[in-house]
C-alpha cells in the first residue's frame, strides 16, 4: 500500500539516509528509536510536509514523492498541539469535511466522534480536553478526513498510564477496522503491544525491520538490546578458524572465541551476565575467553550484584554477594573476566 | 501582587524611574486638559472646521489602514513563513518610513502623486487627484504608518505553529483555505494590534500630510495652523478635542481587542 524507497533528507542537524520499507494495507508498523534519531522527520516526509532530497514514495502503486500534500490522503497525528485551538472539537472534526465540501457534515462528525468515544465533547475547545481526549479528537479528525493511512508521531507520549492503555485499545480497534498505521515511538512496550511489524531506527537509518518477535529475540541494535535487558550485546565480525571448531568474533579489537554454527561475516553476539565469571587469577578450566579488565561500576541486581568491567569493551557479570566479598571486588580493581565459547550466542 | 520581600532597593529605584517616565507622558497632556476651560471647549466643538478636520483625520486614516492592509497582510505572511534571498533587506525597507523624517517622506510621496507623475496621470484617468485631496492624505498617512501593521502581522503569523498549517494541508485543505481558516484567525490578535497602531499613527501624522495636502485640513494641521496664526491659547482647545477623540477610540479598540 505504501512503499518508501531509499529516501534521504536533511533538516537542520537531522539527517535521514536511504530509508526503505513497505507497509501493506492493515499493517500496524511501529518505528522504534530513541528521541532525536529522525523518526518524526520520516513521518513528515511521508506526509509530504518535508521535501526529500532523494528516493521515492509510492502510495497505492502511484508515485507521490512530488505530489501535493492535500492529495496524499495521509493523516498525521502528533504527540500534542495539533488541534486547531480556535475551533471547537466539532469544528476540528468537521474541518476536513468542509475542506472537501462534503455533505452531511453533522452526521459524519458524529460518526467519527462515536468511533473514538468523544461524542459528548463536541462543543468543547481543545484547551479544555484531557490528554487522552485530545488525541481521540485528533484521530476522529483524521477519520473524518477519510484518510486510511495514519502517521502517528509519539501519540501516547504525554498521556498517563490509564489513558495510554485506553488509547492503545482504540488504536488496535481502528487498525482492525482497516486503518493502516505507521506509529513512531521510543517506548518499546508500546511497540510490542501494537505492532505487527517493527522498524528499529538508529542515527537516521532503519537498521532492522521485522516482526516484533524477531526484533526482540534477535536484537540488532544496542537500543533494542538495552530494552529487553540484554546486557552484553556486541556488533562485530565472525570468522572461522582453521583447524578448530571455534569461531572468532571481533568487536573493537577484542577477539572472542565462540562455539557457533552462524555463518562468517557481520553478526551480533550476546552473552548472559550469569554466564560470565570473575577471578583474581586467570581461570584454568574449560573457558576459552579470558580478558583482563578494570571494574568501573558495581550495582545491586535483583539477585547478587552486577559488576561492570572495562576490558576493551564493557562486559557485565552477575556475581553473588559472597563472591563479591571473597574476591574483594571493588571499583578500580583489576580482574579477569572468563566465559566459555559455548556461552556466546551469535546470530546474523 | 507584590509581596513585601519583593521591595528591594532595585525594585524601588526602577519603580521610581518608571513613574517619572509615566509622568513625562501624562503630565503634558493632563496640563493641556487642566488649562482649557469648558467654554473654550464648547466653542471649539461648535467650530465647523474643527469637527470637519477631526472627521477627515479619522476616516482617511481608517481608509488608508484598510486599503493598505490588503497589501500588508499578505506580505507579512510571506515574511513570516518563507525564506528568500535578500529577506533582511526587505525587512529593512519596511522600517524605512519609521526612521526617515516625515517631512522628507511627504516630499517623496508628493513626487509620486503629482499630476505629472505616472501614478498621478494614471489616477487622473479615473478622476482621482492626490495633491490637496483626501486620496493624497491617505497615501501620506499610510506611508508613515504601514511598518506598524506589517511588523505586528509578521510577528503574529510567525507565532502561529507551522505544524497546524501542515496538519490542515494533510486534512485536504487548500493553501488558501489554510491561510483564511488557520493562519489568519490565529494571528488575528497581532494583526488587530497592528491595525490599531497603524490607524492611530496615521491619524496623528502631521509632517508628511502637510506637504501632500495642506487642505483639506486634517486635525494635526488645523491645530498647527491655529497655533501659528493665533497662538497657543487658541490651538489648545482643538488639540484637547482631537486628543480626546484619539484616546477614546484607542481605549475602545484596545478593550474590544481583548475580547477577540
Residue match in region A:210-218 (condition: more than 29 Å from residue A:22 (Cβ to Cβ) and in contact with a strand residue (DSSP E or B) (Cβ under 7 Å, 6 or more places away or on another chain)): no
Spans of strands (runs of 3 or more DSSP E) in region A:177-266 with at least 2 residues at pLDDT below 90 and within 23 Å of residue A:42 (Cβ to Cβ): A:197-202, A:205-210
Condition check for residue A:17: in contact (Cβ under 8 Å) with a residue 12 or more places away in the chain, surrounded by fewer than 22 Cβ atoms within 10 Å (Cβ to Cβ) and away from chain B (no Cβ under 14 Å): yes
Residue match in region B:153-172 (condition: outside any helix (DSSP H, G or I), more than 21 Å from residue A:140 (Cβ to Cβ) and modelled with pLDDT under 95): no
Residue match in region B:137-159 (condition: within 14 Å of chain A (Cβ to nearest Cβ) and surrounded by fewer than 24 Cβ atoms within 10 Å (Cβ to Cβ)): yes
Single unsatisfied condition, residue B:120 versus (1) more than 14 Å from chain A (Cβ to nearest Cβ); (2) surrounded by fewer than 17 Cβ atoms within 10 Å (Cβ to Cβ); (3) touching a helix residue (DSSP H, G or I) at 6+ places or on another chain (Cβ under 8 Å): (2)
Pairs with Cβ under 6 Å, 6+ apart, first in region A:210-233 and outside the structural domain of residue A:275 (by TED's automatic domain parsing) and farther than 16 Å from residue A:316 by Cβ, second in a loop (DSSP other than H, G, I, E, B) and modelled with pLDDT under 75: A:216/A:228
Filter result (surrounded by fewer than 21 Cβ atoms within 10 Å (Cβ to Cβ), within 22 Å of the chain's Cα centre (by Cα) and away from every other protein chain (no Cβ under 14 Å)) within region A:133-161: A:157, A:158, A:159, A:160, A:161
Test result for residue B:158, free of Cβ contacts under 8 Å to residues at least 60 places away in the same chain and under 30 Å from residue A:67 (Cβ atoms): no
Any hit, region B:113-133, residues being closer than 20 Å to residue B:203 by Cα, modelled with pLDDT under 95 and under 15 Å from the mean Cα position of the chain (by Cα): no
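The values are calculated or read from the model by the stated rules, or taken from the named source; none is laboratory data. All of these numbers come straight from a predicted model, not from anything done at the bench. Using ideal geometry, Cβ is built from the backbone for each residue, glycine included, and neighbour counts are taken over all protein chains shown.
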